[in-house]
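No lab work stands behind these numbers, since they all come straight from the coordinates. Worth saying up front: this structure is predicted, and the values here are computed from it rather than measured. A quick note on method: Cβ atoms are made from the backbone with ideal geometry, for glycine too, and the neighbour counts reach across all protein chains shown.
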Amino acid sequence: MQTARGSSVQALTLTGRTRARALPRLRVRSLVLAAASALLAVILATTAAGGTYALLNASTSTRPATMTSGTATMTVSPLALPAVALYPGLVIAAPVTVTNTGDVPLTVTVSSLIAPTVTSNFSGSLVIGLAAVANAASCTSGVSPTWTGTFAVAPPGPVGAPIAKAQSQTLCVSVALSVNAPDSSQTSSAANFSVVLIGGQA
């Protein structure tokens, strides 16, 4: 037996012997009409049940949009250290201004130090330091650096607080001659060295 959705069909199997019996004409006609009415009702019901229904709906789309990426850029003012002869224990300092010219807040990191073009025991005994200060006037030899390194060992490290877009920060760069500098450091010089700064998105 199979059942279809929306209607029911049954198959009957009769066994045994049956004998035909004549029915009055009126009853036969009534049965025919009744059968026809039942068939019509089944057809109508099936047609109605098998109809197609649709839900109301609507759709639209947004207007075209353009997305652009930001940039992380900065500028650093020149470093001008005092022209002073160093001796062991002496510290000199000078300010630089770091300006965020990009679209995102920046964290400034000391990436490395570039040694002078001509190295010597003197340049090998220099200690470079950096620290963030309130302004250029605050950059003195008495400022304690938050980052230090030498031309031989300069571990990367952050300096100061994140710099907001279109804002600036003053860094104090110090140079000291180690108290352990050898005597051969005398009458030497160190020129054209650099502090490499990197600005990354904060």
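Efficiency by 1/(1 + (r/R0)^6): what FRET value for residue 153 and residue 69, r their Cβ-Cβ distance, R0 = 30 Å, to the nearest 0.05? Plugging the Cβ-Cβ distance into 1/(1 + (r/R0)^6) gives 0.25. Within the range 162-199, what residues put their amide N at less than 13 Å from the label point 7 Å along the Cα-to-Cβ vector of residue 120? Taking a point 7 Å out along Cα→Cβ of residue 120, the residues of the range 162-199 whose backbone N falls under 13 Å are 182-192.
Taking 0.36 nm per residue of sequence separation and removing the Cα-Cα distance, the residue 178/residue 101 pair yields an extension gain of 24.1 nm. Relative protection proxy for 111-122, 66-77, 126-137, 167-178, from highest mean packing down: 167-178, 126-137, 111-122, 66-77 (other beta-carbon atoms within 10 angstrom).
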